[in-house]
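Scroll down for the structure; my scribbles are underneath it.
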Amino acid sequence: MLTGEELESALGAGYEGRGFELKGRGRSDDKHFLAKIARAALSMGNLRDGGHVVIGIDDESPQDMLPGLDHDELSSWLAYDDVSGRLAVYCDPPVRFDLAQLDLSNGVSVIVIQVHEFADIPHLCAREYPDVVRTGALYVRSRKMPETAEVASSVEMREILDLAAEKRLRAYIETAERAGVALSAGDLEADRKQFAKQFRDAWDD
């Protein structure tokens, strides 16, 4: 989870990053605003190493570290189980995340959601909200510019497929070890490459 100093340093750059998305102020029970947060969370969950969604900072002038969240807005985000349930409606499988309130040096308070990369299979959008998210869409953080978008290029798709292939290979290795099958380092590297190739070939077919 980001510290206050780390967040202020990131905001000082004046722009979002691939693993760092800013949202303005809003409540978790505001359906339109929640759909925007879910869209951002989906994309961070599909990113290697995940990322952070910051609620309460204007993305047009991050360095100002404004406007922050008022008491009611903050309270709506601090009930983890409520937020988890609301996001789960949009995310299949549900995203894994940590949540914290950070108080910045200028006196404003924000919410930071640290979204972890998917555990097994990529996250798809499970519910539509008009003009925000689409059922079945695969959202990513674009390589062209720091924004959330549906997968639009083979490069972005390949990145997700490679990450999924690595996870399946690790699961295979763990299963083999539990079954008493010893694998050498050379075997592991060869298996990893072969599995990744077979996974990509199967997808292409």
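The values are calculated or read from the model by the stated rules, or taken from the named source; none is laboratory data. Note that the coordinates shown come from a computational prediction; the quantities given were computed from them, not determined experimentally. All Cβ positions, glycine included, derive from the backbone under ideal geometry; neighbour counts span all protein chains shown. Surface areas here come from the heavy atoms of the whole protein model, side chains and all, with no ligands, DNA or RNA. Shrake-Rupley method; radii C 1.70, N 1.55, O 1.52, S 1.80 Å.
Report, by residue number, each residue of region 135-155 that is in contact with a Leu (Cβ under 9 Å, 6 or more places away or on another chain) and in a helix (DSSP H, G or I).
The answer is none; no residue qualifies.
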In region 171-192, what residues are modelled with pLDDT of 70 or more, loosely packed, with under 12 Cβ neighbours inside 10 Å and not small (Gly, Ala, Ser)? GLU174, THR175, GLU177, ARG178, VAL181
Residue tally, condition closer than 14 Å to LEU99 by Cα and surrounded by fewer than 17 Cβ atoms within 10 Å (Cβ to Cβ), over region 3-60: 2
Do we have ARG158 as under 22 Å from the mean Cα position of the chain (by Cα) and at pLDDT below 90 here? yes
Looking only at region 63-74, decide whether some residue is open to solvent by 60 Å² or more (accessible area, probe 1.4 Å), closer than 28 Å to GLU156 by Cβ and not acidic (Asp, Glu). no
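How many residues, within region 122-142, are touching a Pro at 6+ places or on another chain (Cβ under 7 Å) and open to solvent by 10 Å² or more (accessible area, probe 1.4 Å)?
Our first condition is that a residue be touching a Pro at 6+ places or on another chain (Cβ under 7 Å); within region 122-142, this holds for 123, 138.
Filter once more, so that each one left must be open to solvent by 10 Å² or more (accessible area, probe 1.4 Å): 138.
Here the count works out to 1.
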Output yes when any residue across region 88-106 is within 30 Å of ASP162 (Cα to Cα), assigned to a helix (DSSP H, G or I) and either modelled with pLDDT of 95 or more or open to solvent by 20 Å² or more (accessible area, probe 1.4 Å) (or both), and no when none is. yes
All positions within region 156-184 that are small (Gly, Ala, Ser) and not in a helix (DSSP H, G or I): ALA179, GLY180, ALA182, SER184
Residue match in region 32-43 (condition: on the phi < 0 side of the Ramachandran plot, of a type in the set (Val, Ile, Thr) and free of Cβ contacts under 8 Å to residues at least 60 places away in the same chain): no
State yes or no: is PRO122 touching a Gly at 6+ places or on another chain (Cβ under 6 Å) and either assigned to a strand (DSSP E or B) or at pLDDT 80 or above (or both)? no
With criteria (1) touching a residue at least 40 places away in the same chain (Cβ under 8 Å); (2) within 30 Å of ALA152 (Cβ to Cβ); (3) not charged (D, E, K, R), PRO93 comes up short on (1)
